[in-house]
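One structure below.
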Amino acid sequence: MLNIEIAARTEVGARTYNEDDLRFGAAGALWHAVLADGAGGHQGGAIASDLVVRLIALRLQAASPASPQTLHAALHDAHTALGERQFGRATRERMHTTVVALWLDADLEEAVWSHVGDTRLYMLRRGRVCHVTRDDSVVQQLIDAGYVTPDEAREHPRRNQLISAMGAVEMIEPHTVDEPQPIQDGDAFLLATDGWWDALEDGAIESTFALARTADDWLALMETQVRAAAHPNQDNFSAVAVWVGDPAQATRL
């Protein structure tokens, strides 16, 4: 059975309150991590992210095996529950949230993940970023169409505009892997809200991983760079680091 190590951080940034939320835990050989970035009037974002993270985490804590179908259903059900909480709220106060969820089976050495919105999951293998989820955002569509480059997207005026979110009026379609993905010693995952990943290119994620000796160490090194790049209106920034097996097996940069 693979050893799993998880660490997390969530910071308010320059905002008056934190609308990010996260949970992680284990049930036998099954480990999960869920991260969300909420938005909505009268601190509705905090309500939305808490509800979605709590419902998904409770579902994964009680379910077995770690299947894409169960994870996909967990996100759909959380979206429905959040929609039901909108009753009586003015349109301008409608609350919503992004979410990303990772579910690991340390015994079978497999992982499944899913997301809605622009909270991301990065997977590292041998110290390199080998997979990043694709944002549900206007800017991602512009990148895909070739209208802007990834570097230009960082400063685009619509970079925070989502095309899908939990709690939206429209039906969502979570981006869930089709089948469990194999994992191995030295793999690592990073779940990050846009306030965190916006300051870090892939190279920075890899170089901090190469220097770290624990999952928390990795987060601390990245957080230093996030704070150094912060602007006066810095958003909440949160991340969950998941290390699989013995990270010393990864090829260090």
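The values are calculated or read from the model by the stated rules, or taken from the named source; none is laboratory data. Everything quoted here is computed from the prediction, not taken from an experiment. Please note: Cβ atoms are built from the backbone with ideal geometry, for glycine as well, and neighbour counts cover all protein chains shown. Heavy atoms of the whole protein, side chains included, go into the accessibility calculation; ligands, DNA and RNA do not. Shrake-Rupley method; radii C 1.70, N 1.55, O 1.52, S 1.80 Å.
Residues of the chain: accessible area per residue at 1.4 Å, in Å²? List each step's numbers first, then the result.
Values: 11380 Å² over 253 residues.
Per residue, the chain has 45 Å² of solvent-accessible surface.
Using a Förster distance of 30 Å, how high is the FRET efficiency between R15 and A62, based on the Cβ-Cβ distance and rounded to 0.05?
Efficiency at R0 = 30 Å is approximately 0.35.
How much length, in nm to one decimal, is gained on full extension between Q181 and R125, taken as 0.36 nm per residue of separation minus their Cα-Cα distance?
18.9 nm
Over the alpha carbons of the stretch 93-144, what is the largest minus smallest coordinate on each principal axis, giving the biggest first in Å?
Each principal axis gives a Cα extent; for the stretch 93-144 these are 43, 27, 14 Å.
Quickly work out the H231-to-R213 label distance, labels modelled 7 Å from Cα along the C-beta direction, and quote it in nm with one decimal.
Going from the R213 label point to the H231 one covers 3.8 nm.
So how strong a dipole does the chain carry about its Cα centre when Lys and Arg Cβ are +1 and Asp and Glu Cβ are -1, to the nearest 20 debye? If you can, show how the numbers build up before the last one.
Values: 20 positive and 37 negative charges, 102 e Å.
About 480 debye.
In whole percent, and with a 1.4 Å probe on the protein chains, what portion of the accessible area of the chain is carbon and sulfur?
It is 49 percent, rounded to a whole number.
Work from the charge dipole of the chain (Cβ charges, +1 for Lys and Arg, -1 for Asp and Glu, about the Cα centre) and give the residue of M171, G203, A26 farthest towards its positive end.
Checking the options against the dipole of the chain, the answer is M171.
Restricting things to Cα coordinates, could you compute the convex hull volume per residue of the stretch 185-244 in Å³? Don't jump to the answer; show the numbers that get you there.
Numbers: hull volume 4.2 nm³, N = 60.
Value for the stretch 185-244: 70 Å³ per residue.
Please work out the Kirkwood hydrodynamic radius for the chain, using every pair of different C-alpha atoms, and report it in angstroms with one decimal place.
18.2 Å
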